[in-house]
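Nothing in this text is a laboratory measurement; each read-out follows from the coordinates by a stated rule. Worth saying up front: this structure is predicted, and the values here are computed from it rather than measured. Backbone-built Cβ (ideal geometry, glycine too); neighbour counts: all protein chains shown.
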Amino acid sequence: MGLWAIAASLMLPAPLLFAQAGPPPINGQIGIASGLVTFNTASLGQAHSIVSFTNVTVGVADGSYSGLSNAVIAWTPFSFNPPAATVKPLWTCATNGVTYSFDATSVTNVFQNSGYLNLSGTGVAHITGQADTLGTWSLAAESLGSKFTFSASIQVSNSFNPVLTCSPGSGTLGFNWNSLEGQAYVLQGASNLTSASWLNLSGPLVATNQTTGANIEAPTGPAWFYRVAVPY
C-alpha cells in the first residue's frame, strides 16, 4: 500500500492520548523566487504536463528551511491535466549533510489559460533528523516571450498534522481530527501499539474542511489503539 505518515494515536478505553517521543516536526516556508519551466507544448493554454525545470532558486526561506536561502533545488516534472495522483519527490535539495524534500500528495489545476497557469496541492515534507510533516504547495507559471517563468511556495506546519479525539456512543466510536483540506486520511486500529500490522478501519477520507471524522463499531475484548495515517 506504500508509505504512511502516522499522525496521531489514541487508546481506548479511557480515552488516553499517547504522545510518542520522536524527532521534532518541520515548520517553515519556502518561496521560489525564480526559475524556468518547459511544458509539453509551446501553448500554455494547451499544455498538460511540465517536462523540465531549470535554474530554480530559493528566495525566501524560514523556520526549518532557513538554511535554504538562495539554494538551488531540483523539481520533478509532472502532469497536471489530468493531474498526477502524487509526485514523489516534488522537489529535493541536499546541502551541508541535510536532505530536504517534499512529496506532493495531490495536484490541483486551479487556473489555466494561454498566458498563465496556477497549480496547488497538499504534500508531506521531509528533512533529515525531523519528523515527516504535512504541508501545502502552489506553483504559478506565465509566458515571458518564448520562455515560461515560474514561482512557487511551500508552507509546512505541525498544525496541519491531526490530533485524534474520540466520542464513545452506544456500540459505536466517533473519531474526529483537525485536517488539511484536500489531504487524504485513513483511520487505523491495532491491539498493540507497537504492532507492525495496523488494520484500516476506513477507506481514504479526503478532507473537505479543517475537521474530518469517522464512525466505527466499538470493539469488544481488550483495549484497542487507534491512529490516523496519511497515505502517500
Sorted by chain and then number, the residues having a modelled amide H within less than 5 Å of the amide H of L90, at least 5 places away or on another chain, are F102, D103, A104
Starting from the exponent 0.38 and prefactor 2.2 Å, build the expected Rg for the range 28-157 from its residue count and divide its actual Cα Rg by it. 1.01
Please list, in order along the range 121-128, the HN-Hα scalar couplings obtained from phi with the Karplus expression 6.51 cos²θ - 1.76 cosθ + 1.60 (θ = phi - 60°), rounded to whole Hz, x for Gly and Pro. x, 10, x, 10, 8, 10, 9, 3
May I ask for the net charge around F102, where only other residues with Cβ less than 12 Å from the Cβ of F102 are counted and Lys, Arg are +1 while Asp, Glu are -1? -1
Equivalent ellipsoid semi-axes - Cα gyration tensor, the range 140-232, angstrom: 38, 14, 11
Return the sequence-ordered ³J(HN,Hα) values of the range 55-71 in whole Hz as given by the Karplus equation 6.51 cos²θ - 1.76 cosθ + 1.60 applied to θ = phi - 60°, using x for Gly and Pro. 6, 8, 10, 6, x, 8, 8, 9, x, 5, 9, 4, x, 9, 4, 6, 6
So how far, in whole Å, is the C-alpha centre of the range 78-128 from the one of the range 32-69? 10
Kirkwood radius from Cα pairs of the range 91-202 plugged into Stokes-Einstein at 10 °C, 1.306 mPa s, gives D in µm²/s equal to 92
Convex hull volume per residue for the chain, taking Cα atoms only, in Å³: 122
